[in-house]
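Peer 1: Below is one structure. I have some questions about it.
No value in this document is a laboratory result; all are computed from the given coordinates. Since we're looking at a predicted model, the values are computed, not measured. For neighbour counting, all protein chains shown are included, and Cβ atoms are generated from backbone atoms with ideal geometry for every residue, glycine included.
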DNA sequence: CTATCAGATTGATCTGCGTCAAATACCCGA
DNA sequence: TCGGGTATTTGACGCAGATCAATCTGATAG
């Protein structure tokens with residue numbers, strides 16, 4: 001669902017240009033049939049809210065294109081991002097009717113939705129789907145816990161470096177340019193969204209990005225296009241165990 | 001698994017003094033039989049590590065008594081708690097062999113363990129167990145996300161107030177003294193463990209507890225025994241939506 | 001080409017929390 | 001009861017990051 005290191009098993013259904021990661025690859029055909037019957041598409045404009053916290057959410061979905069975020073907010077407006085949804089990621093709570101956070105499109109977003117009740121019924125009939133979802137949810141829980149370490153204990157510079165290497169890794173796993181020292185990608189987030197991700201202010205984000213640029217850890221073409229000349233360097237700036245990543 | 005608002009369905013197996021929350025109540029008898037065959041007990045002393053990060057973990061388990069924590073650590077020793085296990089909570093990753101964090105006993109702990117392979121086989125045979133685990137994992141993911149909001153956006157005072165009301169709520173759901181304005185409980189954590197939970201230093205924790213005491217939000221008998229004269233007051237100090245809790 | 005506006009950068013200043021250090025309370029065994 | 005070690009409190013001080021404010025950049029529409 002978010003921040004996965006490695007794309008898990010998944011299947012391509014019908015005319016969707018992506019592979020839905022919620023469903024197991026081993027038995028594509030049967031589920032494809034069933035899914036076709038209950039799926040539909042919805043598109044959202046940049047900035048639009050997809051689901052409000054506490055609202056009824058009567059579908060589960062995969063992101064087909066664009067970026068969506070999960071955020072939580074305090075009464076006075078302080079907001080924290082708690083999930084980042086990139087194409088092929090899954091949203092929804094089979095078994096529960098509402099989520100305690102807002103889902104927002106940060107770019108134009110196309111989602112492939114499945115009506116919840118039929119989806120849940122299919123889950124009951126095909127047990128390995130529940131197991132597949134359990135797997136994914138456990139992965140996401142691990143990601144959330146790594147994120148907690150970042151929020152609770154890392155410095156601003158480490159936070160930025162961590163975010164950059166997460167985005168780079170995500171990109172790499174899509175483009176299959178793994179294990180390169182050099183890496184080039186576009187930031188899918190504004191400075192403000194990055195701040196909400198990291199528990200910082202957008203000014204601090206900007207300053208730390210400038211600092212990383214000044215120190216030669218990254219290069220920028222425009223505001224969003226990033227070149228990392230040495231991923232090892234970036235990852236050691238991130239403060240994690242140095243061997244935790246995709247690079248030998 | 002941790003920080004649940006409401007104790008979910010669960011079952012009592014054999015001579016365990018607790019109800020294991022990992023297993024559905026609807027069909028107790030069958031699973032009881034199966035679980036009896038593969039379970040065993042392990043006890044740990046306060047301070048002892050139950051599982052090291054990256055170690056093989058060949059069992060899943062429920063906490064019977066005592067308190068255990070999940071923690072993640074950076075190379076230089078900064079540590080962040082990412083899970084708090086109270087009696088009846090579940091640990092383990094069916095489907096995966098290792099967890100990326102340390103599990104530590106903070107008090108003497110007794111765990112009721114199930115060997116992983118047989119447990120997973122039982123999961124395959126009884127599909128609603130996977131669904132039950134999915135449910136629990138989703139709850140835990142929600143809790144982790146609320147925790148992220150706390151780590152990223154709350155002040156030290158709000159963090160302390162949040163932790164106190166979480167512990168109070170947890171206690172309340174066990175003792176069934178829900179919906180009282182006044183609440184009395186023991187802190188199960190040292191100041192240092194609280195600091196690791198909240199992403200603070202132990203000095204800041206101590207200072208903020210003193211401040212809450214000075215301001216009449218809480219009273220202390222000794223270091224650990226807490227009286228909250230007005231839960232509404234405490235919860236508004238915590239900064240959440242005021243209606244998010246157990247009180248009307 | 002210029003006006004406009006959102007996003008981003010940069011600077012100056014302030015402050016909450018961390019750091020370092022010392023004092024105090026508490027627990028348990030001898 | 002005393003001693004020693006651990007948990008906790010409290011104080012003084014400094015700094016990372018927040019806040020407030022001004023400027024700059026770049027994309028888009030007219």
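Peer 1: Let a ≥ b ≥ c be the square roots of the eigenvalues of the Cα gyration tensor of the stretch B:63-125; is it rounded (a/c under 1.5), or, if not, prolate (a/b larger than b/c) or oblate?
Peer 2: oblate
Peer 1: Got a sec? How would A:49, A:71 order by Cβ neighbour count within 10 Å, fewest to most? Don't skip to the answer; put the middle values down first.
Peer 2: Values: A:49 14, A:71 21.
By the 10 Å Cβ count, ascending: A:49, A:71.
Peer 1: Note the distances from residue A:216 to each other copy's matching label point, with points 7 Å along the Cα-to-beta-carbon direction, in nm, sorted shortest first.
Peer 2: Between copies, matching label points for residue A:216 lie 6.2 nm apart.
Peer 1: Could you work out, residue by residue across A:118-125, how many beta carbons of other chains sit within 10 Å of that residue's beta carbon, and then give the average as an integer?
Peer 2: Working: counts 0, 0, 1, 0, 0, 4, 3, 1.
Mean shielding count: 1.
Peer 1: Normalising by the residue count of the stretch B:154-237, find the relative contact order in percent from Cα pairs under 8 Å and 6+ residues apart. Don't jump to the answer; show the numbers that get you there.
Peer 2: Details: 90 pairs, mean separation 33.0, N = 84.
Dividing the mean separation by the residue count of the stretch B:154-237 yields 39 percent.
Peer 1: While we're looking at this one, here's another question. Enter the Cα centre distance for the pair the stretch B:65-124 and the stretch A:97-165, rounded to the nearest angstrom.
Peer 2: Value for the Cα centre distance between the two parts: 21 Å.
Peer 1: Okay, moving on. What is the fewest-to-most order of A:52, B:147 by other Cβ atoms lying within 10 Å of their Cβ? Show your work: numbers first, answer last.
Peer 2: Values: A:52 14, B:147 28.
Ascending Cβ contact count within 10 Å gives the list A:52, B:147.
Peer 1: Now for a different question. Taking residue B:182 in one copy and the same position in all the others, each labelled 7 Å out along Cα→Cβ, what are the pairwise distances from the first, in nm, shortest first?
Peer 2: 7.2
Peer 1: Let me ask something else about it. Just to confirm the numbers: residue A:54, label point 7 angstrom along the Cα-Cβ line, distances to the other copies in nm, shortest first?
Peer 2: 4.6
Peer 1: Let me ask another. Just counting partner chain Cβ atoms within 10 Å, what average do the residues of peptide A:194-201 show around their Cβ?
Peer 2: Numbers: counts 0, 1, 2, 1, 1, 7, 1, 0.
Average neighbour count from other chains, rounded to a whole number: 2.
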